[in-house]
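Visitor: Okay, here's the structure, questions in a sec.
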Amino acid sequence: MTGQEDFVPRARWRAWLLNRFVLVPAALALIAALWNGYVALHDHGLVTGRVVDAAGRPVAGATVVLWVLEFTTYVEKSRATTGPDGVFTIHDNPSHNIQLAAEKPGVGRSARIPVRLYFRAEDLALREPLVLEGGG
Amino acid sequence: MDRGARWPIHLALVAVSVAMLVPFYWVLKTSVSGDNIFAYPPSVIPRAPHPFYYVDVWYYIPFARYFLNSVAVSAIAVVANVGLNAMAGFALTRGFAGKSIVLLLFLSCMMVPFQATIIPAYLITGRLGLLDSYLGLALPQCSTIVCIFVFKASFEAVPSSLVDAARIDGLSEFGIIWRVMMPLAKAAVATNVILSFIWSWNNFLWPLIVTRSADMQTLPLGLARFLSYQEDTTGALYAFCVMVLAPGILLFLLAQKQFIQGLAAGATKA
């Protein structure tokens, strides 16, 4: 008798919890929570990359400019200078829609490359270097 | 009819289904590709699909805020619809003086478009002090006549002896509705939930009139705002449409069996 009394409430709870009206929203909530956790761990606004010349050699002292989309136009947000190994780091990207370009007098300038991010201030490591060309 | 003779019907149904689903596919495709709808030749498969139009929508407008507002308003409308329509539907299954007049009034009111009653609705909402509030946004949709008839049809299918037995056992009228009728009317409940949710979710005109602050706007208003200040909206606009449509479609898919049952019962017995 006791076993039956235990069984009935448990079965009722199982029916309430294990149905698609609970499981689907719960799965969506879990996905949203995981995504927000990922965003919180990767939204420091860091943009890193390399600048090379036309021959592929690292360029030290090149200026890298970050533009961010504001309303309908891109405006300059910040600048960074490459180190001896041609690597640069920008620390304050606030946007999800940016453009990057590099320049060094005498070496040349790179094309302005658009970059789309999955969320604002997403940490980004450029796969392809910015190539300076046309500096004579 | 044997199975071999059914294939023309199935073929026709598949053709109609495809014709009805093509616009949805087109919206989905454009939301990930941004292809211009007038591009020639049209591409059926999206070229270089990406999710960034969805990201744009999320950040260009306060999407989370609009979404929360729509969810709150729809939740109020759904709860109120289920509660109020169930009570009204139950009352219409009982005999009382003037019942036929009430039924006639309900049917007549179904023919009056909402636009014709929007000014009195606004004045009443204003007098109640509910302008620019969730309750005010949901108020005109807290009960719908179609859904009342769905409940009425469902309750009429319950044997009156069951109601009499519940009454003899000491249940009040409210107790009979919530403890006897509602568990037997799951299809009607699902129909009420889906219809009231979709109507509330897609409502544009009433929120446009009732809301005063940008923080209280719902998703359809957000869509209009989005259109007003974005020039190249092809991909983002379609992404916005998908994000607005998704909750309604999800709810329908979750409860489509009960929804169809409820509508079929309402159609044959209203």
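Visitor: Just to be sure, is A:TRP35 at pLDDT 95 or above, within 14 Å of another protein chain (Cβ to nearest Cβ) and either crowded, with 19+ Cβ neighbours inside 10 Å or closer than 30 Å to B:LEU251 by Cα (or both)? Steps first, answer last, please.
Guide: On the way: at pLDDT 95 or above: yes; within 14 Å of another protein chain (Cβ to nearest Cβ): yes; either crowded, with 19+ Cβ neighbours inside 10 Å or closer than 30 Å to B:LEU251 by Cα (or both): yes.
Spelling it out, A:TRP35 is indeed at pLDDT 95 or above, within 14 Å of another protein chain (Cβ to nearest Cβ) and either crowded, with 19+ Cβ neighbours inside 10 Å or closer than 30 Å to B:LEU251 by Cα (or both).
Visitor: Out of B:ARG65, B:ARG47, report the one residue that is under 26 Å from B:PRO207 (Cα atoms), surrounded by fewer than 18 Cβ atoms within 10 Å (Cβ to Cβ) and of a type in the set (Lys, Arg). If you could, list the steps in order and put the result at the bottom.
Guide: Values: B:ARG47 fails: under 26 Å from B:PRO207 (Cα atoms).
None of the others qualify; the one that does is B:ARG65.
Visitor: Would you check if A:PHE71 is within 14 Å of another protein chain (Cβ to nearest Cβ) and surrounded by fewer than 11 Cβ atoms within 10 Å (Cβ to Cβ)?
Guide: Numbers: within 14 Å of another protein chain (Cβ to nearest Cβ): yes; surrounded by fewer than 11 Cβ atoms within 10 Å (Cβ to Cβ): yes.
Taking the combined requirement at face value, the residue satisfies it.
Visitor: If you don't mind, another one. Which of the residues spanning segment A:91-110 are part of a loop (DSSP other than H, G, I, E, B), more than 14 Å from chain B (Cβ to nearest Cβ) and in contact with an Asp or Glu (Cβ under 8 Å, 6 or more places away or on another chain)?
Guide: Within segment A:91-110, the subset part of a loop (DSSP other than H, G, I, E, B) is A:91-96, A:105-107, A:110.
Imposing the further condition that a residue be more than 14 Å from chain B (Cβ to nearest Cβ) reduces the set to A:91-92, A:105-107, A:110.
Selection gives A:VAL107, A:SER110.
Visitor: Of the residues A:ALA60, A:ALA102, A:ALA55, which is within 16 Å of A:GLU133 (Cα to Cα) and touching a Phe, Trp or Tyr at 6+ places or on another chain (Cβ under 8 Å)?
Guide: Numbers: A:ALA60 fails: touching a Phe, Trp or Tyr at 6+ places or on another chain (Cβ under 8 Å); A:ALA55 fails: touching a Phe, Trp or Tyr at 6+ places or on another chain (Cβ under 8 Å).
Going through A:ALA60, A:ALA102, A:ALA55 in turn, just one is within 16 Å of A:GLU133 (Cα to Cα) and touching a Phe, Trp or Tyr at 6+ places or on another chain (Cβ under 8 Å): A:ALA102.
Visitor: Consider A:VAL24 carefully, then state whether it is without any contact (Cβ under 8 Å) to a residue 60 or more places away in the chain and either in contact with a Leu (Cβ under 7 Å, 6 or more places away or on another chain) or assigned by TED's automatic domain parsing to the domain that holds A:GLY86 (or both).
Guide: Numbers: without any contact (Cβ under 8 Å) to a residue 60 or more places away in the chain: yes; either in contact with a Leu (Cβ under 7 Å, 6 or more places away or on another chain) or assigned by TED's automatic domain parsing to the domain that holds A:GLY86 (or both): yes.
Criteria met by A:VAL24.
Visitor: Right, something else. Filter segment B:1-42 for residues that are among the small types (Gly, Ala, Ser) and closer than 14 Å to B:VAL242 by Cβ; which is modelled with the highest pLDDT?
Guide: Step one: of segment B:1-42, the residues among the small types (Gly, Ala, Ser) are B:4-5, B:12, B:15, B:17, B:19, B:31, B:33-34, B:39.
Filter once more, keeping what is closer than 14 Å to B:VAL242 by Cβ: B:31, B:33-34.
Values: B:SER31: 92, B:SER33: 89, B:GLY34: 85.
This residue is B:SER31.
This table checks each residue for (1) more than 14 Å from every other protein chain (Cβ to nearest Cβ); (2) under 16 Å from B:PHE67 (Cβ atoms).
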| residue | (1), (2) |
| --- | --- |
| B:VAL193 | no, no |
| B:PHE197 | no, yes |
| B:SER200 | yes, yes |
| B:THR211 | yes, yes |
| B:PRO220 | yes, yes |
| B:PRO247 | no, yes |
| B:LEU253 | no, no |
| B:GLN256 | no, no |
| B:GLN261 | yes, no |
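Visitor: Looking at the structure I just gave you, is B:ILE37 outside the structural domain of B:VAL244 (by TED's automatic domain parsing) and hydrophobic (A, V, I, L, M, F, W, C)?
Guide: On the way: outside the structural domain of B:VAL244 (by TED's automatic domain parsing): yes; hydrophobic (A, V, I, L, M, F, W, C): yes.
Criteria met by B:ILE37.
Visitor: Any chance you could count how many residues in segment B:134-165 are of a type in the set (A, V, I, L, M, F, W, C), surrounded by fewer than 20 Cβ atoms within 10 Å (Cβ to Cβ) and farther than 30 Å from B:LEU68 by Cβ? Steps first, please.
Guide: Taking segment B:134-165 and keeping what is of a type in the set (A, V, I, L, M, F, W, C), we get B:135, B:137-139, B:142, B:145-151, B:153, B:155, B:157-158, B:162-163, B:165.
If we keep only those that are surrounded by fewer than 20 Cβ atoms within 10 Å (Cβ to Cβ) too, we end up with B:135, B:142, B:145-146, B:157-158, B:162, B:165.
Next cut, farther than 30 Å from B:LEU68 by Cβ only: B:157-158, B:162, B:165.
Result for segment B:134-165: 4.
The values are calculated or read from the model by the stated rules, or taken from the named source; none is laboratory data. Keep in mind the model is a prediction, meaning the values are calculated, not measured. Please note: Cβ atoms are built from the backbone with ideal geometry, for glycine as well, and neighbour counts cover all protein chains shown.
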